[in-house]
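J.: One structure, pasted below without further comment.
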Amino acid sequence: MTKETVQKAQNVNILIDSETINLTNETKLKHQKTVKKAFSLLELLVVILILGILASTVVPKIVGAGDKAKKDLVCVQMKGAANALKMFKLDNGMYPDTEEGFAALQSNPDSDKYPNYSSQAYLEKLPKDSWGAKMVYIKTGNKFDIISYGADRREGGTDEAADIKFSECK
């Protein structure tokens, strides 16, 4: 072989070796990239622990919020009914009797007793609480109270089943 042929053969070998090195390096880089995409078991456990701690502090606050919102809504609904009762008193000089109840705010129960009754109803529909039950009206002397029996719809009870009284609303 001539020197020139030997030189060409060496150049080809060098090119082949450099291509092999490049391919090997690319394969290593690809392998490293795929390995780095996964989480270790320890990292997953730490994340689950952090989420558990957050859930244990946040969930109890959220769970009771629905019941409190319903009670607050009942107080707002009672205030609307109380305003209608006050308008009734302004026109007629007294609150309706307990027996007449909220129905007296929809139509005049006794035109002799309430001659100044408004031409329009004081309430369009009877007030209901957040649980869909009718509220109770009680006249006590020159005052009144409105009561919702709560979630159980029965007098008495505790927690979310406790009675809600207008006189105790803020």
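J.: Whether any residue in segment 125-133 is over 25 Å from Thr158 (Cα atoms), loosely packed, with under 13 Cβ neighbours inside 10 Å, out of contact with any Phe, Trp or Tyr (no Cβ under 7 Å at 6 or more places or on another chain) and not aromatic (Phe, Trp, Tyr) is what I want to check.
T.: The answer is yes; a qualifying residue exists.
J.: Let me spell it out: the conditions are (1) at pLDDT 90 or above; (2) outside any helix (DSSP H, G or I); (3) not acidic (Asp, Glu), and Phe39 meets all of them except one. Which number is the exception?
T.: (1)
J.: Residues being touching a Ser or Thr at 6+ places or on another chain (Cβ under 9 Å) and without any contact (Cβ under 8 Å) to a residue 40 or more places away in the chain: count how many of those fall in segment 152-168.
T.: Residues in segment 152-168 being touching a Ser or Thr at 6+ places or on another chain (Cβ under 9 Å) and without any contact (Cβ under 8 Å) to a residue 40 or more places away in the chain: 2 in total.
J.: Mind listing whichever residues of segment 34-91 are closer than 30 Å to Lys125 by Cα and among the charged types (D, E, K, R)?
T.: Asp67, Lys68, Lys70, Lys71, Asp72, Lys79, Lys86, Lys89, Asp91 - these are the residues of segment 34-91 that are closer than 30 Å to Lys125 by Cα and among the charged types (D, E, K, R).
J.: Quick test for you: out of Val74, Val63, pick the one residue that is closer than 25 Å to Thr158 by Cβ, surrounded by 12 or more Cβ atoms within 10 Å (Cβ to Cβ) and of a type in the set (Val, Ile, Thr).
T.: Val74
J.: For segment 148-161, does any single residue satisfy the condition of being modelled with pLDDT of 90 or more, more than 21 Å from Lys89 (Cα to Cα) and of a type in the set (A, V, I, L, M, F, W, C)?
T.: no
J.: All but one of (1) over 14 Å from Ile164 (Cβ atoms); (2) surrounded by fewer than 18 Cβ atoms within 10 Å (Cβ to Cβ) hold for Leu105, so report the exception by its number.
T.: Against the list (1) over 14 Å from Ile164 (Cβ atoms); (2) surrounded by fewer than 18 Cβ atoms within 10 Å (Cβ to Cβ), Leu105 comes up short only on (2).
J.: Would you pick out the residues in segment 139-160 that are surrounded by 15 or more Cβ atoms within 10 Å (Cβ to Cβ), of a type outside the set (Lys, Arg) and not in a loop (DSSP other than H, G, I, E, B)?
T.: Residues satisfying the conditions are Phe144, Asp145, Ile146, Ile147, Ser148, Glu160.
The values are calculated or read from the model by the stated rules, or taken from the named source; none is laboratory data. The model shown is predicted, which means the values in this text are computed figures rather than measured ones. Cβ sites come from the backbone with ideal geometry, for glycine too, and all protein chains shown count toward neighbours.
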